[in-house]
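Here's a structure for you.
No value in this document is a laboratory result; all are computed from the given coordinates. This one's a predicted model, so the numbers in the text were calculated from it and none came from an experiment. So basically every Cβ, Gly included, is an ideal-geometry build from the backbone, and we count neighbours across all protein chains shown.
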Amino acid sequence: MGIWSIVLIAVLGVIVVMLISVYNRLVQLRMRVDNAWSQIDVQLKRRYDLIPNVVETVKGYAKHEKELFERVTEARANAINAAGVESRSTAENQLSQALRTVFAVAENYPELKANENFKALQEELSNTESKIAFSRQFYNDTVMRYNETTQVFPSNIVASLFGFTARKFFEADVAERESVRVNFGEEKKK
């Protein structure tokens, strides 16, 4: 066996080890993205479970806000049934807006704001919203690392060979980036 044969085998060995290493890194990152998405799901499930309790508590005080409760219920159902990052993101943003409106309406009912059950639910929901925000941030950070790895050389070659594709970020929609405007005078005229 000549020196060139040994060099060629060594170079091929290094390339194979590098390919295996890059492939394994891509698999690890993809699994982290999936895990981060699962963490969002856990927090969203917690929020979905709290929402009916909040709605029922507010209903007792704000009986004439029927349309608001229907919007919240519909937004919750849409969020539960959403599939994929984009549709889930949109549905969750609509649900967040509906919940903000519920709490804005609650401000008009001093007895409701003083209700211990409502306070506890509001606090629990607020804590859950913070956990959701953290989970979204963690997911987006993980997606960023994964997407970077699938796009930089030489891992982009391995990614394209084995079907690793970029993942979508969990984004706020345009309406969620703006402050919530509640005008009770206009709503009652409609």
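Springs between alpha-carbon atoms under 10 Å, Gaussian network over the chain: tell me which of 66, 168, 113 tops the mean-square fluctuations.
For the chain, modelled as a Gaussian network with Cα springs under 10 Å, the answer is 66.
Which angle between 0 and 90 degrees, to the nearest 10, do you get for helix 116-151 versus the longest principal axis of the chain when only C-alpha atoms count?
20 degrees
Next question. Can you give me the relative contact order of region 3-189 as a percent, contacts being Cα pairs under 8 Å and 6 or more apart? Display every interim value, and only then the final one.
Details: 133 pairs, mean separation 59.9, N = 187.
So the answer I get is 32 percent.
Rank 112, 19, 121 by mean-square fluctuation in a GNM of the chain with C-alpha springs under 10 angstrom and give only the top-ranked residue.
Judging by the Gaussian network model, the answer is 19.
Treating the angle as unsigned and between 0 and 90°, give the value, to the nearest 10°, between the Cα long axis of helix 85-106 and the longest Cα principal axis of the chain.
20 degrees
Another question, then. Given the options 85, 157, 2, identify the residue whose Cα lies farthest towards the positive end of the charge dipole of the chain (+1 on Cβ of Lys, Arg; -1 on Cβ of Asp, Glu).
With unit charges placed on the Cβ atoms, the residue in question is 2.
Assuming R0 = 25 Å, can you tell me the calculated FRET efficiency for the pair residue 116 and residue 64, based on Cβ-Cβ distance, to the nearest 0.05? Display every interim value, and only then the final one.
Values: r = 24 Å, r/R0 = 0.94.
Approximately 0.60, to the nearest 0.05.
Here is a follow-up. Once the Cα atoms of helix 3-61 and of the chain are each reduced to a long axis, what angle between those two axes, in degrees from 0 to 90 to the nearest 10, is obtained?
Orientation of helix 3-61: about 10 degrees from the principal axis.
Give, in whole angstrom and from largest to smallest, the semi-axes √(5λ) of the equivalent ellipsoid of region 3-189, with λ running over the eigenvalues of the Cα gyration tensor. Don't skip to the end; give the middle numbers.
Numbers: eigenvalues 496, 44, 26 Å².
Rounded to whole Å, the semi-axes are 50, 15, 12.
Shifting gears a bit: Restricting to Cα pairs below 8 Å that are 6+ residues apart, what does the relative contact order work out to for region 22-97? Please round to a whole percent. Numbers along the way, then the final one.
On the way: 20 pairs, mean separation 16.4, N = 76.
With pairs under 8 Å counted, the relative contact order is 22 percent.
Continuing with this model, one more query. Which of 31, 118, 57 sits closest to the plus end of the dipole of region 3-189, meaning its Cα is farthest towards the positive end, when Lys and Arg get +1 and Asp and Glu get -1 on the C-beta?
Going by the charge dipole, the pick is 31.
In a shell of Cβ-Cβ distance under 13 Å around residue 41, excluding residue 41 itself, what net charge do Lys and Arg (+1) and Asp and Glu (-1) give?
Details: positive: 45, 46, 47, 88, 131, 136; negative: 34, 49, 92.
Every neighbour counted, the sum reads +3.
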